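Take a look at the structure below.
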Amino acid sequence: MKCKVKNTSDLDMQVVLPLLKSLYSFAHERLSFKDPANIFFKSDPKNSMNPLGKTAHYQPLDRTITVYTDGRHLKDILRSISHELIHHDQNCKGGLDRPVSGGSNYAQKDPYMREIEREAYEKGNMIFRDWEDTQRWNLMETKNYTKENEMPEVPEDGKKLLSDNDKEVKSKPTSNDEWY
């Protein structure tokens, strides 16, 4: 399922888009939301100067995720998107149809909104973690486990062999004292 992406920040979309597409598809596969989301990358230098400034938010009426990008690592931006995709899924399933209290401390004042946020933190972080692990595994397979460079067999006795000179290496951990 495609989503509309708008970027008014200084993010390099050649780097962002492949990761976003992969994460969005992964989340859609897990959640099966029925409508596409819109994602808006926004620059707000004043917000970025606030140590507890906004990172992202979701607008249920227009199904838009707004992500603030200034001074943030791309991984953190993608994690915020994962969280907001849970809110999108909640909205698509009717969970954000009822009037909700907004403003500061909404998740502390309104038990329903507290549950909405708890679910977004839990599912959003787990979806992001699962997606990230999948990305790492795919990179490892691509770089390390090709036919030309297969992983060596590890002998059953737990000793590893160095491929350069076939000298045995003990698998015993090295203590900090030995390391230094």
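Structural remarks
- Accessible area of the stretch 1-137 belonging to carbon and sulfur atoms, whole % at 1.4 Å probe: 54 percent
- Share antiparallel - DSSP beta bridges, the stretch 1-110, percent rounded to 5: 30 percent
- Alpha-carbon centroids, the stretch 111-133 and the stretch 1-27: separation in whole Å: 20 Å
- Projected label points at K46 and D110, each 7 Å from Cα along the beta carbon direction, are separated by 2.5 nanometres.
- Remark: the stretch 58-66, residue by residue, has Karplus-estimated 3J(HN,Hα) of 10, 10, x, 5, 10, 6, 10, 9, 9 Hz, where x stands for each Gly or Pro and the curve is 6.51 cos²θ - 1.76 cosθ + 1.60 at θ = phi - 60°.
- A DSSP coil position with no more than 14 other Cβ atoms inside 10 Å describes the following trypsin sites (Lys or Arg not before Pro) in the stretch 1-59: K2, K34, K54.
- Note on the stretch 1-136: the alpha carbon radius of gyration divided by the globular reference 2.2 N^0.38 Å gives 1.02.
- Protection proxy ranking for 66-72, 120-126, using the average of other Cβ atoms within 10 Å per residue and placing the highest first: 66-72, 120-126.
- 5 angstrom amide H check on V5, placed H, neighbours 5+ away: I39
The values are calculated or read from the model by the stated rules, or taken from the named source; none is laboratory data. These figures come from a predicted structure and were not determined experimentally. Positions of Cβ are generated from backbone atoms using ideal geometry, with glycine treated the same way; all protein chains shown enter the neighbour counts. Surface accessibility is based on the protein's heavy atoms, side chains included, excluding ligands, DNA and RNA. Shrake-Rupley method; radii C 1.70, N 1.55, O 1.52, S 1.80 Å.
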